[in-house]
1. Confirm whether residue B:54 is in contact with a Gly (Cβ under 8 Å, 6 or more places away or on another chain) and within 28 Å of residue B:211 (Cβ to Cβ).
2. Limited to the range A:167-203, what total is found for residues that are β-branched (Val, Ile, Thr), more than 7 Å from every other protein chain (Cβ to nearest Cβ) and either crowded, with 17+ Cβ neighbours inside 10 Å or not in a helix (DSSP H, G or I) (or both)?
3. Which condition does residue A:206 not pass, out of (1) closer than 26 Å to residue A:116 by Cα; (2) assigned to a helix (DSSP H, G or I), if it passes all the others?
4. With (1) farther than 20 Å from residue B:169 by Cα; (2) surrounded by 19 or more Cβ atoms within 10 Å (Cβ to Cβ) as the list, and residue B:114 as the residue in question, which single condition is left unmet?
5. Return yes or no: is residue A:46 within 14 Å of another protein chain (Cβ to nearest Cβ) and under 30 Å from residue B:147 (Cβ atoms)?
6. Given the residues A:135, A:54, A:112, A:94, which is the only one that is small (Gly, Ala, Ser) and buried (at least 16 other Cβ atoms within 10 Å of the Cβ)?
7. For a quick check of your reading of the model, give me the residue pairs whose first member lies in the range B:126-149 and is surrounded by 17 or more Cβ atoms within 10 Å (Cβ to Cβ), whose second is aromatic (Phe, Trp, Tyr), with beta-carbon atoms closer than 8 Å and at least 6 apart or on different chains.
8. Being within 7 Å of another protein chain (Cβ to nearest Cβ), over 20 Å from the mean Cα position of the chain (by Cα) and not in a helix (DSSP H, G or I) is the filter here, so list the residues in the range B:83-113 that pass it.
Amino acid sequence: MTRGRVSPGLAAIGHALPWAIVIVYFYAAPDYLSFGTQVMIWILFAMSLDLVLGYAGILTLGHAGFFGLGAYAAGLFAIHVSSDPILGHVAAVGITALFGAVSGAMILHTSGVTLLMLTLAIVSVMSEYANQARGLTGGDDGLQGIKLDPIFGIFQFSIFGKTAYVYAAVVLFGWFLLAWRIVHSPFGRSLDGIRQNPRRMRAIGTPVWWRLVAIYTISAAMAGSAGALSAHAARFVGLSVLSLLSSGIVTVALILGGTRRIYGAFLGATIYFVVQDYSAKISPFFWEFVVGGMLIATVLLLNGGLLDLGPAALRLRDRWRGAAKDGE
Amino acid sequence: MTAPPLALSVRGLSKNFGALVVAQAIDLDLMPGARVALIGPNGAGKTTFVNLLTGFLEPDSGTIALAGEHLVGLRPEQRVKRGLVRTHQISTLLFDNTARDNVAIAVAEREGFAWRMLRFGKEWCACRDEAQQRLEEMEIGGAADRSVAQLPYGEQRLVEIAIALSLRPGVLLLDEPAAGVPAHETELIHQVLGRLPADIAILIIEHDMDVVFRFAHEIVVLVQGRILMRGPPAAASADPGVRAVYLGNTAV
């Protein structure tokens, strides 16, 4: 990967920026913490998608399946097993990881459109099951009656959402560190190689299918974790978590921000929900138009998503300067 | 004294696609250090033969043994791990990556580091160092930091060979290493081919007779999925049957 190098100081500021915003937001916008929590949950979801779609090149529209499974698992765990949120979160992550491993093992022999259709089929079946199994999931009324103990017995979940906000931030940070490490590891590089050219990777002895199943499992766990956060934060799970629309939104958010950079998920999910929030205030029908327009502009003009905005501006400046020089 | 084990031993290898016979009872032995060229007209089954050896195709019958170990039924990547390595006719590289990373990823795979997700700093550095060394052996150490997409085609071919060598092959299949390389770069390829480690058994698939005669000690002629003859280059070029089907009646 050849990308422009920036000075270490600037890079450190860049790395600190998202987390600084997370902290500042906590104090600056106490009335909008649940919005912030929602954004962080979708950042985590988009980051999980980046690992499979961006890095490993696994075409999927089924990622809502893992998000939804994590949400329902966390909700049902709280209702039927234990109202300890940490325990419930771990259980939800474990279940989605297992489901990711099994479903991944079945479908990752395929690629391209076939794979896309299979992921679509799986999430559709899950969604319909959740809809039909009203006794378990509440069907289209959603899963209600989730009660949670305070985290560590101290931090109470409340309507102001302080606890949920910090909880989501900590979980996001943990997964971010893991994802960052993974994509820079030899394992992550081999995934990048598989995305570029599976034939080359097999020719150097890479067990392609095993690698893909491994990252699919990790990504499923991460998406399940985001789902568990959403169930815990809202104390409610709606059927929409398993909808195709959720898969679509997370894909749009990721592509908007930029794939294969981890931070693309941060930028994309934030922009998506901020724009949605603002433009929905102007007109409830208008926001999809705005988001759609942004997506088209991003894909056409910026090959690396909105994260590419800075470099693209620099290129434009250089070209303009070059043109000015030629004109002299 | 027992004879040293054959690097590669192929017996009765056959493959049909329906009525089309693409490999017909092929027998082929390679001694360690062999330099054998596989030639034949278009459609003779050279590529099929390579795919059968590397495991991208399964034979209908016959055996393949690499240093005494049977390969039929193993997946391509398992065969690579056992030391059967190939290069591709068309540059098959990771074009988003630098030349060094292309080789380093192969080294990591060979060493089993490629599963490392969390602790890898020292090992990855070692892989990169070894990659640099491999590229320097190919005399393209200076290009290590460049994206392979930006390298001249001849240098891309050398990166491909560097990757293959970094896997420590026992048998190396070179699929037209000079194909598509412009004339002013071919000499470099010739030199590199001449310097390949002596202990590796090499089967080179090549159309360019210049490459074949300079490199190979032996020539195997494949026609319609069958071995027509095997012998030293001079014998091959003198053989009337070979001349008729391949070299042309007037050439050489």
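1. So residue B:54 fails the test.
2. Here the count works out to 3.
3. Unmet condition: (2).
4. (1)
5. Here the answer is no, as residue A:46 does not meet what is asked.
6. A:54
7. If the second residue must be aromatic (Phe, Trp, Tyr), the pairs left are B:127/B:113; B:147/B:95; B:148/B:95.
8. The answer is B:95, B:96, B:97, B:98.
The values are calculated or read from the model by the stated rules, or taken from the named source; none is laboratory data. Here the structure is a predicted model, which means the values were calculated and not measured. Here Cβ is always computed from backbone atoms with ideal geometry, including for glycine, and neighbour counts include all displayed protein chains.
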